[in-house]
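So the structure is just underneath, and the comments pick up after that.
The values are calculated or read from the model by the stated rules, or taken from the named source; none is laboratory data. Only a predicted model underlies this, so the values are computations on that prediction, with no experimental measurement involved. Neighbour counts run over all protein chains shown; Cβ positions are idealised from the backbone, glycine included. What goes into the accessible areas is simple: the full protein's heavy atoms, side chains included, and nothing from ligands, DNA or RNA. Shrake-Rupley method; radii C 1.70, N 1.55, O 1.52, S 1.80 Å.
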Amino acid sequence: MNVAIIGTGYVGLTTGVCLAYLGHRVTCVDSDPRKVDALRCGQVPFFEPHLTELLAEAKSNLNYTIDYAQAIPTAEVVFIAVGTPPGQGGAPDLKYLESAARSIGENLGQHFTVIVNKSTVPIGSGNWVGSLVRTQSNGASFAVASNPEFLREGSALLDSLYPDRVVIGAEDARTSEVLYSLYRPVLEQSFAAPVFLPRPDGVAAAPLISTDLASAELIKYAANAFLSLKISYINEIGNLAEKVGADIRQVAKGIGLDRRIGGRFLQAGVGWGGSCFGKDTAALVATASEYGLDMPIVKAAREVNKKQRDRVVEKLLDELKILKGRTIGLLGLAFKPNTDDLRDAPAIDIAQRLIERGAHVRAHDPIAMSRFREENPNLRVTLTAAAEETAIDADALVLVTEWDSYQELDWEGVARKMRSAILVDGRNLLDRERLTQSGFRYVSLAG
Ligand code: NAD
């Protein structure tokens, strides 16, 4: 099929490249000409494992442009994958969505087109996008569908090719059928897997949830809110574990092996970050309040998450008493490993709080440092080429992002470089005994 994708960020580009790999002809549109130029040269404008390789494999089916007129008139399916960043009062800012919808409307072809909201959008946005397109489109035949995205940065391609489920929200059978045909290779798992992204054992088909627009839109928010509260729940239990002398890792394992609960998203630590959980929980609370509903559970998850970042500073204060003039090294900047995404990254908040208290902050990240410098030109953080360099004459280290490479550091050597060998493990990642034997005072964020 002919497909247009609006927005070539983490979601849009992943979707475009995967659909091209499956045999569809895909034109990716982005308003940022630098991104389009880079993509035309085969360069992915952000870090995502294997995306460059898959893009190269699918390149005969891929085109890139800033011009809607080159993508929309021939497209049978148009995906909207633009950003929906946090706006005023918790509701997301929909200016990119609005602009994309209008431009699509101006360029629709003569045939029936399915316009798909893949961006995470407030409930009711499907209807709103439909009305925006209609005002521009001069009677063209189209329908709007919702196809929320559940990929995780860092494993975006695996999540897209082998999803836990595909959700399609549409108001008529014709629209659902178009999207069913588009996704058939994924739903039936009938495509040949890329050699570098083998099909996981046991994946034979992907379940399809075919539903109405509002339900599809709510599924996305409800899923993200649930994952957020799972993290906040284990952090709340972690704070109690610390008081009563329990080991939160054992507690998490003990409850996670219960299949009704499951072990994922039960790692206590500094809490969630990234572009989705904070924004989507705020949007859910804002939508509910429009209908006169309170959402105390989701609000509490947000509150607990905010406090976890304060706890890092509190732990450092407990250990060092005074932060003014101290040097603190941060290991990890990205909001999680295997991405360079820094949106709502805990490391940025923590660095800000430490700087406000007069500390000197050094930081390292295996992937995200150049992006950090670009996006935070005024934050006085000294970046170090190697993780070990954050430790030189430092008063404490904080492990903020659980990159694998940090597990392998020569911790004895790191401790020797420091003025005082204190490590606050913000992810409860490292082995307390090993760190203690290496000369550290090991401080975990929860029991
Ligand atoms: P992003 O910021 O990485 O990418 C958005 C892209 O859209 C940018 O390249 C921008 O230049 C482009 N753009 C903005 N306005 C445009 C316009 N009018 N026309 C053409 N291009 C335009 O965003 P993202 O992380 O890919 O997220 C996109 C959406 O998907 C958001 O709603 C987000 O909540 C949702 N989502 C994100 C993830 C994730 O992990 N990143 C996962 C699931 C859902």
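Using the structure shown, select from K279/K307; K279/K315; K243/K315; K243/K336; K220/K306; K230/K279 the pairs with a Cα to Cα distance greater than 20 angstrom. Beyond 20 Å between Cα atoms: K279/K315; K243/K336; K220/K306.
Put simply, the Cα atoms of the chain extend 70, 49, 44 Å along their principal axes, the longest span coming first. Quick one: check the C-alpha center-to-center distance for segment 133-199 versus segment 239-290, whole angstrom. Centre-to-centre (Cα) distance: 29 Å. Against the criterion of solvent-accessible heavy-atom surface with a 1.4 angstrom probe, K299, K118 sort, most first, into K299, K118. When the Gaussian network model of the chain links Cα atoms closer than 10 Å, the mean-square fluctuations of G42, G154, G254 top out at G254.
Each principal axis of the Cα cloud of segment 51-190 was taken in turn, and the coordinate range along them, longest first, works out to 40, 39, 32 Å. For segment 319-447, the extents of the C-alpha atoms along the principal axes are 38, 32, 28 Å, listed from largest to smallest. Residue by residue, segment 81-96 carries 3J(HN,Hα) couplings of 10, 7, x, 10, x, x, x, 6, x, x, 6, x, 7, 9, 5, 6 Hz when phi is fed to the Karplus relation 6.51 cos²θ - 1.76 cosθ + 1.60 (θ = phi - 60°); x denotes Gly or Pro. Carbon-plus-sulfur fraction of the accessible area of segment 2-211, 1.4 Å probe, in percent? Carbon and sulfur atoms account for 50 percent of the accessible area of segment 2-211.
Protein heavy-atom surface of segment 307-444, 1.4 angstrom probe: 43% of the accessible area is carbon and sulfur, with nucleic acids and ligands not counted.
Take every DSSP beta bridge with both residues inside the chain and express the antiparallel ones as a percent of the total, to the nearest 5.
Values: 2 of 47 bridges.
Here the share of antiparallel DSSP bridges comes out near 5 percent.
Can you tell me how segment 1-85 classifies by the Cα gyration tensor, rounded, prolate or oblate, using a/c under 1.5 as the rounded cut? Here segment 1-85 falls in the rounded category.
Within a straight-line Cα-Cα reach of under 28 Å, K59 can be paired with the following lysines, leaving aside sequence neighbours fewer than 8 residues apart in one chain: K35, K118. With respect to the chain, whose longest principal axis is taken over its alpha-carbon atoms, helix 296-320 is tilted by about 30°. May I ask what percent, to the nearest 5, of DSSP beta bridges between residues of segment 1-143 are antiparallel? Looking only at bridges with both residues in segment 1-143, the antiparallel portion is about 5 percent.
What's the longest piece of the chain with no exposed GluC sites (Glu not before Pro), counting a site as exposed if DSSP puts it in a loop and it has at most 13 other beta carbons within 10 Å? The reported range is 189-407.
Converting phi to 3J(HN,Hα) with the Karplus coefficients 6.51, -1.76 and 1.60 and the offset θ = phi - 60°, segment 267-275 yields 9, 5, x, 6, x, 7, x, x, 7 Hz in sequence order, with x at every glycine or proline. 3J(HN,Hα) along segment 8-14: 10, x, 4, 7, x, 5, 4 Hz, from the Karplus curve 6.51 cos²θ - 1.76 cosθ + 1.60 with θ = phi - 60°, whole Hz, x for Gly and Pro. Out of every Cα pair in segment 161-206, what percent are spaced more than 15 Å from each other? Distances greater than 15 Å cover 47 percent of the Cα pairs. In the context of the full set of protein chains, residues of segment 2-211 present 41 Å² of accessible surface per residue (probe radius 1.4 Å, heavy atoms only). Excluding ligands, DNA and RNA, the accessible surface per residue across segment 307-444 is 44 Å² with a 1.4 Å probe.
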